[in-house]
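The values are calculated or read from the model by the stated rules, or taken from the named source; none is laboratory data. Owing to the predicted nature of the structure, the values given are computational and were not obtained by experimental measurement. Note that we place each Cβ from the backbone using ideal geometry, even for glycine, and neighbour counts take in every protein chain shown.
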């Protein structure tokens with residue numbers, strides 16, 4: 001029972017160490033603000049001093065226990081920290097982390113505290129200065145970091161809900177950084193000696209609102225209206241500022257606090273509401289009033305006056321008002337407010353083509369009388385709908401007298417030769433009692449007279465009269481004082497000494513003159529003929545061409561009127577056809593005063609021209625081959641000035657055929673350079689023709705030798721003989737092969753393939769001799785070696801033959817080596833050997849059976865087993881060599897054991913010992 005009470009007491013004490021409740025006076029509501037003195041984490045850090053982490057240096061801890069003991073559950077600020085430092089004095093970073101999902105946490109605040117040497121193993125309550133208080137929200141977690149070894153103690157107890165996450169790679173973090181705690185190591189059953197005390201923090205406030213500012217409506221767009229300022233005694237709070245208004249005329253920068261107008265300011269009072277909110281929802285709301293005043297319009301050009309004659313008849317603009325308004329969005333309209341004396345002769349309206357300029361007008365057919373009213377005073381009013389301004393315009397009525405001619409009607413005689421452009425032939429005079437400025441204009445009969453009149457009354461010639469043929473004109477003159485037009489009055493002008501123009505007598509002609517291309521330079525084309533009633537006149541000529549290219553194709557003599565071909569440029573039909581083949585030449589004949597003009601058409605005609613090779617010699621090359629083989633295409637560059645001509649090609653060499661259209665050269669018969677006397681280079685003459693005219697060139701045809709013959713052995717098989725002791729370098733025979741190619745491809749070489757032998761025992765010389773290249777002592781007598789010989793030409797063509805090297809059974813005499821001949825059955829020692837042995841065995845078997853029959857009267861098969869007599873064993877001759885001791889090893893046909901040191905090496909197979 002005592003143990004039970006002790007256990008209960010310990011549990012009670014431990015519960016008092018934790019922040020499980022806030023002070024009774026205030027507890028936070030869900031997602032509400034933190035009351036003063038609200039604690040989270042360990043309430044009594046000293047009770048958790050038992051252990052200290054040994055994870056090493058650079059340890060970061062996130063206290064994300066699932067029992068939420070270290071989780072912030074309200075919105076406010078950190079006012080105090082309380083923690084127990086067990087050992088390792090130094091600096092500790094006291095941190096608040098905010099989860100952002102997927103294991104990511106943001107460091108929202110950090111307070112630094114340094115424990116001096118000797119102060120460890122103590123509890124440290126730390127009150128955070130107001131300027132360093134961390135703003136927290138519900139759901140944030142307590143954490144800490146030490147760059148050195150772990151400092152804060154813990155107590156190992158509890159269950160899986162007392163969890164935490166640690167990292168030794170986190171390093172020092174900057175406030176605002178995000179760290180992936182979800183990828184770090186999570187553990188349980190530790191309660192750390194650290195806690196925080198929270199408070200509600202401070203509400204944000206506007207420091208310069210409510211306020212009122214005034215601006216004129218002429219203020220330019222994007223002007224600074226006001227800079228809103230706000231503050232929060234919690235420096236780490238994140239504040240949100242919002243502006244609300246019923247107009248879109250203003251913008252608000254939530255970072256700088258600047259209020260600007262987005263366009264023209266709306267007239268009157270404009271109230272803008274502002275709200276500032278911190279993370280915990282604490283707010284302040286204030287108002288900014290922007291009062292916009294109107295800028296009145298201004299009439300810039302009144303007062304003013306105008307004169308109107310009493311006989312004025314037409315509607316007329318008297319004056320254009322210059323009105324401005326500094327307001328950006330105002331539209332100004334103007335009208336005549338009153339006229340004194342009263343009349344409806346005047347009105348105001350927008351000028352034609354304008355949306356802003358108003359004019360003062362007099363109506364058509366006004367009732368004006370100089371004797372009744374000599375002036376009218378117009379009161380003009382302009383308004384922007386908010387304010388109006390006025391000005392005065394006075395119209396004076398004047399009496400009008402028409403102008404009077406003083407020297408018309410009249411007649412004037414001038415000479416053709418003496419009257420040039422700009423010559424004054426007459427000056428009209430007029431008077432006007434009430435106007436000093438008169439205006440003249442004039443018409444004529446016949447029309448288009450070569451004269452003009454100025455407002456000074458001077459009549460001038462507009463061209464040289466010597467070029468004219470009309471003998472006289474009636475000029476009808478009018479004068480005006482700007483109000484009344486008087487006239488016409490007549491001035492008769494007589495021109496004396498008129499010249500008669502020359503006449504071109506042989507133009508025009510009914511059809512164009514033909515000029516063939518390639519005509520001679522300076523060849524005569526046409527001679528102009530002229531007649532002139534003015535005898536003694538000297539005539540000059542000029543010509544113009546259409547198209548203008550004609551000026552480079554023809555030459556025109558200005559003194560004689562002769563048209564010729566160009567003296568420097570030949571006429572090419574194909575060239576000029578891209579522009580024109582018919583040219584219209586305008587020819588003018590002049591007697592110095594008058595001219596005559598006619599046109600002449602000249603047609604350029606086409607002439608056949610010979611095709612021309614671009615080079616004097618061409619070359620192609622191809623391979624020898626059968627008839628019809630293509631040698632190549634010379635790619636002739638042939639030009640024919642005549643467009644559309646069909647060209648054909650031919651060649652004078654009988655060995656070749658040329659495609660008449662393309663020029664491609666093929667063999668007319670089999671061409672083989674291996675045939676003696678066949679040339680590999682042939683020079684031919686090629687002709688191109690357009691069907692009428694021709695040109696020739698040289699074509700050098702080079703025939704390339706082709707490797708068209710395969711070298712051939714004279715025999716498909718070769719047999720050579722050798723002994724195991726045959727010396728290295730010994731010639732066993734030779735090969736014979738032929739190649740039908742002459743020249744480089746006729747050169748042949750020999751090789752042998754000894755892959756099956758595993759070593760190069762044989763070789764072939766350049767003179768075709770087959771020889772022993774390395775010792776044959778590794779082969780036994782009675783062996784036959786088979787290899788392959790190859791003959792190859794320089795072009796890579798090849799023939800092969802089977803080569804047999806026979807190493808016969810040892811005899812006292814060496815076998816004869818043959819060359820280039822097949823051995824017969826009985827010439828092969830191997831055949832003789834096995835036939836002889838077989839014959840002896842067969843004969844012995846027959847004698848044995850006869851012996852049994854004679855001696856026993858029956859065959860062994862009938863009388864059971866028998867024991868033959870012992871026979872003497874004889875060995876094969878060894879060419880006077882000492883007896884060889886056979887090794888106990890197993891031997892194959894190609895495996896030998898060295899015998900007596902005095903004799904040569906021998907190779908023995910299974911048949912090395914024979915019974916005789």
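Within the range 532-557, the residues that satisfy the criterion of being exposed (fewer than 13 other Cβ atoms within 10 Å of the Cβ) and over 30 Å from residue 609 (Cα atoms) are 533, 535, 536, 538. Taking the listed residues 109, 101, the one that is in the same structural domain as residue 73 (by TED's automatic domain parsing) and free of Cβ contacts under 8 Å to residues at least 12 places away in the same chain is 101, with no other qualifying. Looking at the range 635-659, which of the residues that are without any contact (Cβ under 8 Å) to a residue 12 or more places away in the chain and assigned to a loop (DSSP other than H, G, I, E, B) is farthest from residue 740 (Cα to Cα)? Per the criteria, the residue is 644. Is one or more of the residues making up the range 660-669 over 30 Å from residue 742 (Cα atoms), touching a residue at least 24 places away in the same chain (Cβ under 8 Å) and touching a strand residue (DSSP E or B) at 6+ places or on another chain (Cβ under 7 Å)? Within the range 660-669 (the criterion being over 30 Å from residue 742 (Cα atoms), touching a residue at least 24 places away in the same chain (Cβ under 8 Å) and touching a strand residue (DSSP E or B) at 6+ places or on another chain (Cβ under 7 Å)), the answer is yes, since at least one residue qualifies. Screening 423, 413, 469, 419 for residues that are surrounded by 14 or more Cβ atoms within 10 Å (Cβ to Cβ), over 16 Å from residue 489 (Cα atoms) and touching a residue at least 60 places away in the same chain (Cβ under 8 Å) leaves exactly one candidate, 419. Taking residue 781, is it over 21 Å from residue 718 (Cβ atoms), modelled with pLDDT of 85 or more and part of a loop (DSSP other than H, G, I, E, B)? Judged against the criteria, residue 781 is not a match. Consider residue 300 carefully, then state whether it is without any contact (Cβ under 8 Å) to a residue 24 or more places away in the chain and either within 30 Å of residue 214 (Cβ to Cβ) or exposed (fewer than 14 other Cβ atoms within 10 Å of the Cβ) (or both). Criteria not met by residue 300.
Within the range 569-584, at least one residue is assigned to a strand (DSSP E or B) and buried (at least 18 other Cβ atoms within 10 Å of the Cβ).
Scanning the range 271-281 for residues that are buried (at least 21 other Cβ atoms within 10 Å of the Cβ) and either part of a strand (DSSP E or B) or more than 54 Å from the chain's Cα centre (by Cα) (or both) returns 272, 274, 276.
Within the range 126-140, the set of residues being in a strand (DSSP E or B) and over 55 Å from the mean Cα position of the chain (by Cα) comprises 126, 127.
If the condition is being assigned to a loop (DSSP other than H, G, I, E, B), surrounded by 14 or more Cβ atoms within 10 Å (Cβ to Cβ) and at pLDDT 60 or above, then the range 785-826 contributes 794, 795, 797, 808, 809, 810. Inside the range 745-778, residues that are touching a strand residue (DSSP E or B) at 6+ places or on another chain (Cβ under 6 Å) and part of a loop (DSSP other than H, G, I, E, B) make up a count of 3. The residues of the range 599-621 that are over 47 Å from the mean Cα position of the chain (by Cα) and either part of a loop (DSSP other than H, G, I, E, B) or surrounded by 18 or more Cβ atoms within 10 Å (Cβ to Cβ) (or both), listed by number, are 600, 602, 604, 606, 607, 608, 609, 610, 611, 616.
Just one residue in the set 731, 772 is within 21 Å of residue 789 (Cβ to Cβ), surrounded by fewer than 18 Cβ atoms within 10 Å (Cβ to Cβ) and not assigned by TED's automatic domain parsing to the domain that holds residue 633; that residue is 731. Any residue at all in the range 225-242 that's under 52 Å from the mean Cα position of the chain (by Cα), under 30 Å from residue 385 (Cβ atoms) and modelled with pLDDT under 95? Yes - at least one qualifying residue is present in the range 225-242.
Residues checked against (1) part of a loop (DSSP other than H, G, I, E, B); (2) modelled with pLDDT under 95; (3) assigned by TED's automatic domain parsing to the domain that holds residue 221:
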{"position": "313", "(1), (2), (3)": "yes, yes, no"}
{"position": "324", "(1), (2), (3)": "no, yes, no"}
{"position": "330", "(1), (2), (3)": "yes, yes, no"}
{"position": "353", "(1), (2), (3)": "yes, yes, no"}
{"position": "361", "(1), (2), (3)": "no, no, no"}
{"position": "365", "(1), (2), (3)": "yes, yes, no"}
{"position": "371", "(1), (2), (3)": "yes, yes, no"}
{"position": "379", "(1), (2), (3)": "no, no, no"}
{"position": "392", "(1), (2), (3)": "no, no, no"}
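The set of residues in the range 713-728 that are surrounded by 18 or more Cβ atoms within 10 Å (Cβ to Cβ) and part of a strand (DSSP E or B) comprises 713, 718, 719, 720, 721. Exactly one residue among 396, 426 is farther than 30 Å from residue 338 by Cα, more than 60 Å from the chain's Cα centre (by Cα) and part of a strand (DSSP E or B), and that residue is 426. Entry remark, the range 169-190: residues being part of a strand (DSSP E or B), modelled with pLDDT of 95 or more and under 12 Å from residue 62 (Cβ atoms) number 2 in total. Any residue in the range 688-696 that is closer than 15 Å to residue 620 by Cα and assigned by TED's automatic domain parsing to the domain that holds residue 633? Looking through the range 688-696, none of the residues is closer than 15 Å to residue 620 by Cα and assigned by TED's automatic domain parsing to the domain that holds residue 633.
Among residues of the range 69-111 being assigned to a loop (DSSP other than H, G, I, E, B) and more than 58 Å from the chain's Cα centre (by Cα), the one that is surrounded by the most Cβ atoms within 10 Å (Cβ to Cβ) is 70. If you check 166, 141 for being under 18 Å from residue 57 (Cβ atoms) and either touching a strand residue (DSSP E or B) at 6+ places or on another chain (Cβ under 9 Å) or at pLDDT below 90 (or both), only one passes: 166.
Going by what's in this entry, would residue 292 be described as at pLDDT 95 or above, part of a strand (DSSP E or B) and crowded, with 16+ Cβ neighbours inside 10 Å?
It is false that residue 292 is at pLDDT 95 or above, part of a strand (DSSP E or B) and crowded, with 16+ Cβ neighbours inside 10 Å.
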